[in-house]
1. Inspect segment B:89-110 for any residue being more than 14 Å from chain A (Cβ to nearest Cβ), more than 18 Å from B:Leu249 (Cα to Cα) and in contact with a helix residue (DSSP H, G or I) (Cβ under 6 Å, 6 or more places away or on another chain) and give the result as yes or no.
2. Residue by residue through segment A:156-177, note down the ones that are in a helix (DSSP H, G or I) and either touching a Cys at 6+ places or on another chain (Cβ under 7 Å) or within 19 Å of A:Val244 (Cβ to Cβ) (or both).
3. Of A:Ser375, A:Ser423, which residue is free of Cβ contacts under 8 Å to residues at least 60 places away in the same chain and either buried (at least 17 other Cβ atoms within 10 Å of the Cβ) or more than 23 Å from the chain's Cα centre (by Cα) (or both)?
4. For A:Leu188, are the conditions met, namely being within 14 Å of chain B (Cβ to nearest Cβ) and either within 26 Å of A:Phe364 (Cβ to Cβ) or part of a helix (DSSP H, G or I) (or both)?
5. Identify all residues within segment B:285-336 that are closer than 17 Å to B:Ala18 by Cβ, surrounded by fewer than 19 Cβ atoms within 10 Å (Cβ to Cβ) and touching a residue at least 60 places away in the same chain (Cβ under 8 Å); write none if there are none.
6. Would you mention how many residues in segment A:63-106 are assigned to a helix (DSSP H, G or I) and away from chain B (no Cβ under 14 Å)?
7. Does B:Ile252 meet the test of being over 20 Å from A:Gly215 (Cβ atoms), buried (at least 24 other Cβ atoms within 10 Å of the Cβ) and out of contact with any Phe, Trp or Tyr (no Cβ under 6 Å at 6 or more places or on another chain)?
8. May I ask you to list the residues in segment A:203-222 that are surrounded by fewer than 20 Cβ atoms within 10 Å (Cβ to Cβ) and more than 7 Å from chain B (Cβ to nearest Cβ)?
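The values are calculated or read from the model by the stated rules, or taken from the named source; none is laboratory data. Note that the coordinates shown come from a computational prediction; the quantities given were computed from them, not determined experimentally. Here the Cβ positions follow ideal geometry from the backbone for every residue, glycine too, while neighbour counts run over all protein chains shown.
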Amino acid sequence: MSQSLRTPLLFGAVALLFILQGSTDWWIFAGSWNASLTILNMALISAIMALGVNLQWGYAGLFNVGIMGFVALGGLATVLVSMPTTPGAWSQGGVGIVFGLLVGAATVVAAVLLRTRMAAGRNRTLATLATLIVGFFVYRYIFDAGVAGVEAINPAQTGYLGGLNPGGPENYKAHGYMTVLAWPIGGLLAAGAAWVVGKTALGLRSDYLAIATLGISEIVIAVIKNEDWLARGVKNVIGLPRPVPYEVDLQQSADFVARADSLGLDVTTASTLAVKLSYSALFTVVLVALIILAQLSLNSPWGRMMRAIRDNEVAAQAMGKDVTKRHLQIFVLGSALCGLAGAMMTTLDGQLVPGTYQPLRFTFLIWVMVIVGGSGNNLGSVLGAFLIWFLWIQVEPIGNWLMSVVTMGLDDGSALKAHLIDSAAHMRLFSMGIVLLLVLRFSPRGLIPEK
Amino acid sequence: MDFLNALVALSNFVLIPAIAYGSQLALGALGVTLIYGILRFSNFAHGDTMAFGAMVTILFTWWFQSMGISIHPLPTALLALPFGILFTALLLIATDRVVYRFYRRVKAKPIVFVMASMGVMFIMNGVVRFIIGPGDQRFADGERFIIRARDFKNATGLNEGLAFKTSQGITIVTAIIVVVALFWFLNRTRTGKSMRAFSDNEDLALLSGINPERVVMITWIIVAALITIAGTLYGLDKTFKPFTYFQLLLPIFASAIVGGLGNPLGAIAGGFVIAFSEVTITYAWKKVAVYLLPESLEPSGLVQLMSTDYKFAVSFVILIVVLLFKPTGLFKGQSV
């Protein structure tokens with residue numbers, strides 16, 4: 001089958017899955033448009049993450065195992081931009097926190113300068129160490145006082161710096177557009193983190209980048225979980241503003257009720273569907289724009305250079321290409337996409353819950369999407385995202401169905417049966433691993449291979 | 001007296017736990033480094049294979065306990081350990097046959113191996129959670145302490161107690177035995193020498209008639225032994241929970257890289273470097289400081305450099321510093 005036929009067919013098949021999920025409750029399908037749209041919205045976001053990973057892996061062969069961290073940074077950006085500033089937080093400690101962080105940064109810069117300016121020897125080592133130690137204690141002294149000040153403000157409700165929403169605590173939900181502003185900021189935050197990682201780990205062995213990204217993602221999560229002044233840590237930030245209308249407002253608008261009636265829908269259902277559809281529309285706009293950009297870049301001289309580097313680094317180097325620099329560039333770009341998607345995801349959830357960031361869900365699942373869809377092909381990774389996310393959600397009904405078939409012969413009360421049915425949830429990890437290995441082994445180019 | 005008290009507090013809270021943790025990391029890092037040296041990839045499934053080995057050991061421990069077999073005062077888990085190693089070795093050899101051998105044959109890039117190991121990690125994680133569940137499991141039995149804090153206080157008359165857990169003692173003794181045996185094997189036996197030759201120069205080793213498949217199989221068996229022991233000791237010392245084993249991956253990798261990937265001696269040194277840094281940086285030094293400093297200088301806070309939640313950050317920062325300044329590790333490893 002030619003690829004020009006294969007791509008639309010596969011996309012059609014995946015679309016059919018979503019339609020079946022909405023329209024029929026046969027076999028594993030839920031028969032609810034609400035459920036179908038919920039899956040679709042997350043699939044759109046996952047597709048953006050998959051595009052980012054495809055940039056890194058498909059174009060450049062870089063192995064990023066820290067997607068979760070970049071996604072979480074995007075989520076953090078949503079809070080920092082779209083929530084209102086906590087009253088008094090800046091005067092009671094926010095300034096101290098920022099000043100403390102600046103002192104910390106200045107210490108590192110001073111140490112780096114000392115290392116580059118002074119001649120190597122015992123004096124340089126001593127001076128660097130002394131700068132670092134003194135700087136660390138000054139930083140902790142200023143920073144800790146600031147943190148204590150901020151966290152003391154109404155800890156049950158706020159106790160954090162808050163964001164930049166101009167509406168203030170009373171009226172911030174009227175400024176829903178702030179969440180959309182947060183998306184590019186999320187991308188920027190992730191790009192900054194990626195630059196630091198890339199700068200240290202790129203240019204070394206390929207596995208080192210994998211290990212370094214694994215580390216940075218664990219640390220990002222640890223910081224978000226523990227720094228309560230930043231985003232309330234595990235106390236979670238809830239009630240983020242929304243870029244789309246609220247269901248309650250829709251239900252009270254006479255116009256909307258009339259339109260729902262004319263479609264023959266119950267008002268409550270219609271309002272949830274309308275909200276979900278508006279999210280889908282927003283996300284689709286972003287995704288389509290990114291796909292177009294990615295396709296253009298792939299076919300540009302820059303994209304050809306990237307693939308040349310991926311396929312033969314030595315030859316590309318001989319042609320005068322700075323491999324490490326190009327790698328850094330694309331690594332930062334790909335991570336920025338993950339950050340953007342992370343900010344969108346937090347917007348969709350309407351809350352930031354650091355405890356939900358699990359590497360298996362956010363890092364490895366995205367990898368499965370890219371590999372299954374077709375690494376090196378943008379449309380392929382998007383398709384992989386839709387398909388795998390659908391399966392990820394549906395693995396549970398499939399697993400339950402499978403387990404009920406397997407345990408049909410067992411007595412109802414038997415312990416083994418109970419254990420097997422309870423364990424159906426762990427089928428997810430297992431089946432994703434099997435899918436990854438099978439595709440990697442038998443069809444390493446994925447569903448829609450690179451041309 | 002104050003000085004002695006400070007010393008005891010230091011050993012109790014820093015030295016002994018760090019040595020025990022360092023031994024566990026060193027055993028784990030030895031496995032990573034061996035796989036890296038022979039098979040030439042970073043095995044991401046390491047943490048979850050560790051969990052698998054510990055799980056099999058736990059299942060056998062429970063079985064022995066239910067039959068009343070015990071080696072009191074030592075924990076029954078030691079008796080179950082050989083069975084854990086056996087099953088893990090079989091599993092690893094099977095994984096190699098099914099997954100990795102194909103990529104060796106087509107001479108795939110190392111990064112493809114890494115990716116395959118990620119798939120294996122998923123599956124192992126699923127299997128472990130499927131069999132034993134995601135929660136905490138208790139399987140330690142036997143005498144809990146070699147030295148109890150109260151006995152120590154009574155015997156010495158100091159204010160500070162020194163507790164020395166059996167699990168810590170066993171960890172240290174086992175680690176020494178395993179490391180000595182491993183080095184004897186690598187340096188003195190014919191098979192060990194062929195492994196080192198293979199690791200140093202694959203082509204030359206093939207040319208001199210070393211069978212690569214045999215070398216690979218023996219590597220997996222040794223790795224199985226190392227990580228089952230490391231996993232069981234970690235479980236005895238702290239707790240068995242599948243997710244913590246996944247998280248151990250980072251400190252283990254850090255240990256192996258800090259020491260120099262592919263260098264067994266480096267892996268051991270790296271394990272202790274990481275363990276000591278983690279423990280000293282996240283320990284609240286107030287107790288020690290109170291004994292050592294005059295009253296006027298006594299600290300008001302906990303004197304904790306970083307909260308324990310950031311212990312992964314410690315291994316990561318050390319890893320980054322080593323990558324920046326000495327990418328081959330403290331002891332010269334193979335990689336750049």
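1. Among the residues of segment B:89-110, at least one is more than 14 Å from chain A (Cβ to nearest Cβ), more than 18 Å from B:Leu249 (Cα to Cα) and in contact with a helix residue (DSSP H, G or I) (Cβ under 6 Å, 6 or more places away or on another chain), which makes the answer yes.
2. Residues satisfying the conditions are A:Asn171, A:Tyr172, A:Lys173, A:Ala174, A:Tyr177.
3. On inspection, the qualifying residue turns out to be A:Ser423.
4. For A:Leu188, the condition - within 14 Å of chain B (Cβ to nearest Cβ) and either within 26 Å of A:Phe364 (Cβ to Cβ) or part of a helix (DSSP H, G or I) (or both) - is not met.
5. B:Lys287, the sole residue that qualifies.
6. Residues flagged as assigned to a helix (DSSP H, G or I) and away from chain B (no Cβ under 14 Å) within segment A:63-106 amount to 30.
7. no
8. Listed by number, the list holds a single entry, A:Gly203.
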